[in-house]
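See structure below.
The values are calculated or read from the model by the stated rules, or taken from the named source; none is laboratory data. Please read all numbers here as calculations on a predicted model, not as lab measurements. All Cβ positions, even for glycine, are placed from backbone atoms using ideal geometry, and neighbour counts span all protein chains on display.
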Amino acid sequence: MSGMFDLCGKTALLTGAGRGIGLVLARGLAEQGARVVINDLAAEVADAAAETLRKEGLDARAAAFDVTDAAAVEDAVARIEKDVSPVDILFNNAGIHRRAPLVDMPEEAWRAVIDTNLTSAFLVGRTVARRMIPRKSGKIVNTCSINCERPRPEIANYAAAKGGLVLLTRAMCVEWAKYDIQVNGIAPGYILTEMTLPLSRDPERNAWIESITPARRWGKPEDLIGAAIYLSSDASNFVNGHVLFVDGGMRYAL
Ligand SMILES: NC(=O)c1ccc[n+]([C@@H]2O[C@H](COP(=O)([O-])OP(=O)(O)OC[C@H]3O[C@@H](n4cnc5c(N)ncnc54)[C@H](O)[C@@H]3O)[C@@H](O)[C@H]2O)c1
């Protein structure tokens, strides 16, 4: 494999990659030559995902930790750098939803979503960047969302977290670009995963999503692989602080 999209010799850490978008992106990066480290909360989930990729002939390891726990993040990243290899590419992908009308939203639901979807990117990003900076090299990709600029009812916590993640992406770029670290975001539209099952199984919401998306369909996790490879590879070496929408055009139709 050669060329500017080649990821051979690179190690990518993907958070929340035991299933869904993260797992598919891990496979996409590994097929491009990267060694991938799959994080998730539960060890059995991360282990099973890594094992699945290894059976496909790909180079995959597992690293279970909670991305909201600063001490666990520090320990895990130190272990990965010592036992596996320096992290060249970080995907801050872990995320959750806790839907509720804003006036009824429990404080716990607000804090959990901000912690998992925004604070985690600060914690893991800071920890990994402390090691990328002396090496003067690195790629960080933050998984944002169409909702980062278009909130919908009952997801104020999620929209606020993803909007914050866009600004965190730009802030990381402003501070770390001089170390040849590129920090960008991917903003998926509506993608069919377990996270969006409550929407895809609801006939009314499902019909709304299909009709409002100019491409007239849900996205698949595989639709994000091209953007992920681009933002992880030398092809994007002067692209920084950018958020790439992969949404079938929904951004301009909502
Ligand atoms: N599915 C969509 O339509 C969509 C759209 C836009 C953005 N996104 C974003 O893409 C990312 C992946 O979404 P998905 O649809 O694959 O979701 P998913 O629920 O299928 O996967 C998320 C994974 O993150 C893990 N996770 C949750 N909390 C964690 C923690 N504290 N530490 C480590 N891992 C944790 C979960 O265990 C799960 O395996 C999320 O950030 C989500 O907000 C998804």
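Name the residues in segment 108-138 that are among the charged types (D, E, K, R) and in contact (Cβ under 8 Å) with a residue 40 or more places away in the chain, would you?
The first filter runs over segment 108-138 and keeps only residues among the charged types (D, E, K, R), leaving 108, 111, 115, 126, 130-131, 135-136.
D115, R131, R135, K136 - these are the residues of segment 108-138 that are among the charged types (D, E, K, R) and in contact (Cβ under 8 Å) with a residue 40 or more places away in the chain.
It is to be established whether one or more residues within segment 228-235 are closer than 26 Å to I133 by Cα, out of contact with any helix residue (DSSP H, G or I) (no Cβ under 6 Å at 6 or more places or on another chain), surrounded by fewer than 18 Cβ atoms within 10 Å (Cβ to Cβ) and of a type in the set (A, V, I, L, M).
Taking every residue of segment 228-235 in turn, at least one turns out to be closer than 26 Å to I133 by Cα, out of contact with any helix residue (DSSP H, G or I) (no Cβ under 6 Å at 6 or more places or on another chain), surrounded by fewer than 18 Cβ atoms within 10 Å (Cβ to Cβ) and of a type in the set (A, V, I, L, M).
Restricting the search to segment 161-219, which residues are among the hydrophobic types (A, V, I, L, M, F, W, C), part of a helix (DSSP H, G or I) and under 18 Å from G16 (Cα atoms)?
A161, L165, M195, L197 - these are the residues of segment 161-219 that are among the hydrophobic types (A, V, I, L, M, F, W, C), part of a helix (DSSP H, G or I) and under 18 Å from G16 (Cα atoms).
State which residue is surrounded by the most Cβ atoms within 10 Å (Cβ to Cβ) when the search covers only segment 128-168 and only residues that are within 15 Å of the ligand (Cβ to nearest atom) and among the hydroxyl-bearing types (S, T, Y).
Out of the qualifying residues, it is S145.
Criterion first (over 21 Å from M195 (Cα atoms), surrounded by fewer than 17 Cβ atoms within 10 Å (Cβ to Cβ), away from the ligand (no atom under 15 Å from the Cβ) and of a type in the set (D, E)) does E56 satisfy it? Write out each step before concluding.
Values: over 21 Å from M195 (Cα atoms): yes; surrounded by fewer than 17 Cβ atoms within 10 Å (Cβ to Cβ): yes; away from the ligand (no atom under 15 Å from the Cβ): yes; of a type in the set (D, E): yes.
Criteria met by E56.
Before we move on, is L199 closer than 23 Å to A71 by Cβ and of a type outside the set (G, A, S)?
no
Could you say which residue among V73, V36, V77 is crowded, with 17+ Cβ neighbours inside 10 Å and closer than 20 Å to T193 by Cβ?
Result: V36 is the single residue among V73, V36, V77 that is crowded, with 17+ Cβ neighbours inside 10 Å and closer than 20 Å to T193 by Cβ.
Does G22 satisfy the condition of being near the ligand (Cβ under 8 Å from one of its atoms), assigned to a helix (DSSP H, G or I) and small (G, A, S)?
For G22, the condition - near the ligand (Cβ under 8 Å from one of its atoms), assigned to a helix (DSSP H, G or I) and small (G, A, S) - is met.
Name the one entry in A156, A121 that is in contact with a helix residue (DSSP H, G or I) (Cβ under 7 Å, 6 or more places away or on another chain) and closer than 25 Å to L23 by Cα.
The unique qualifying residue is A121.
Scan segment 220-227 and tell me whether some residue there is assigned to a loop (DSSP other than H, G, I, E, B), surrounded by fewer than 19 Cβ atoms within 10 Å (Cβ to Cβ) and at pLDDT 95 or above. Write out each step before concluding.
Initial filter on segment 220-227 (assigned to a loop (DSSP other than H, G, I, E, B)): 220.
Cutting the leftovers down to surrounded by fewer than 19 Cβ atoms within 10 Å (Cβ to Cβ) gives us 220.
Okay, now just the ones that are also at pLDDT 95 or above, so 220.
Scanning segment 220-227, I find at least one residue that is assigned to a loop (DSSP other than H, G, I, E, B), surrounded by fewer than 19 Cβ atoms within 10 Å (Cβ to Cβ) and at pLDDT 95 or above, so the answer is yes.
Residue check, D115 against (1) within 20 Å of T169 (Cα to Cα); (2) buried (at least 21 other Cβ atoms within 10 Å of the Cβ), all met but one. Which one?
(2) is the only condition that D115 fails.
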